[in-house]
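Beneath this line is the structure, given in structure tokens, with notes to follow.
Bear in mind that the values in this text are calculations on the coordinates, not laboratory data. Given the structure is predicted, the values throughout are model-derived calculations rather than measurements. Counting neighbours? That spans all protein chains shown, and the Cβs are built from the backbone with ideal geometry, glycine included.
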Amino acid sequence: MLTFLLLSAGGCAQIRSFFDNNDEEETDVRLSAQTIAGTGMEEFQNGKYYKARKKFDEILDYYPFSPEAMLAQLKAADSNYYLENYPEALMLYHEFAERYPTNEAIPYVMYQTAMSHYQQIDRVDRDTSGAEKAIREFSKLLRAFPDSPYSNEAKARIRAANEFMVNHEYFVVEFYLRTEKYEEAKARLQYLVSTYPDATITPKARKLLKLLEAGDPPGFNLSSWLKDTILPDWKLFREKESDATARPPSQN
């Protein structure tokens, strides 16, 4: 049964009055933080992330010092994540880590921070900052918590993001070749081969580099050299050990 409390000298809930367009007075009674948190979690578990976020935001706005505020901040971040509001999610994850640095959820928060960048990785012919930031944040997680339930997946996603980065480098090489800037192409290929020696596309890069060094640039359609211009499936790089049960579902 829900309990409604009026604002009083010793109370912690409040009541406010306002008039609508018809000048009819209405009363809005503030529910307790515990009640709001329960409703928010129910909405969240049912996949209603927008409604859940509203509830968690309400706790943060009206009960910032309540015991439920910590949960509200984490789940508000998660709600934004699932709504693909990644900048907002990142802000809340960072704030959580700063306010509760010793909380047991910190490995998860670090994982979600990395994932918020990872989900923003674009095509190789566009911005690569999402991949760079994801690699950095997953690496932080591995250094801080090498045995966390997210370690195997973090390693696999780092490899996938690196593949994205190396494909971006090859895309730049292709541009130089199309514009007959062979010296620039060679320099980029040399960087690619030395920086990403184990990447999937590196053997092809080595072959192309040899052709350029021999003064024999390829006379075929260069697009045949380029891998798909999207982020590869991280599961292709996953170790045999399974950590699927350790992470929240529905994260691509």
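What shape does segment 58-110 take by its C-alpha gyration tensor, where a ≥ b ≥ c are the square roots of the eigenvalues and a/c under 1.5 counts as rounded, a/b above b/c as prolate, and the rest as oblate?
Numbers: a/c = 1.99, a/b = 1.11, b/c = 1.79.
Since a/c reaches 1.5 but b/c is at least a/b, the shape of segment 58-110 is classed as oblate.
Taking the convex hull of the alpha carbon atoms in segment 79-137, what volume per residue do you get, in Å³? Kindly include the intermediate steps, with their values, before the conclusion.
On the way: hull volume 4.4 nm³, N = 59.
That works out to 74 Å³ per residue.
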_Given points 7 Å out from each Cα along the Cα-Cβ axis, report the Asp233 to Arg178 separation in nanometres with one decimal._
2.9 nm
*Output ³J(HN,Hα) for segment 100-110: one whole-Hz value per residue in order, computed from phi by the Karplus curve 6.51 cos²θ - 1.76 cosθ + 1.60 with θ = phi - 60°, and x for Gly and Pro.*
10, x, 9, 5, 5, 7, 4, x, 5, 4, 5
*Between Lys48 and Glu95, take the C-beta separation as r, use R0 = 41 Å, and let me know the FRET efficiency to the nearest 0.05.*
0.95
*asked:* Report the gain in length on full extension from Ala214 to Tyr191: 0.36 nm times residue separation, minus Cα-Cα distance, nm rounded to one decimal.
replied: 6.5 nm
*To the nearest Å, what is the center-to-center distance of segment 38-53 and segment 59-91, using C-alpha atoms only?*
12 Å
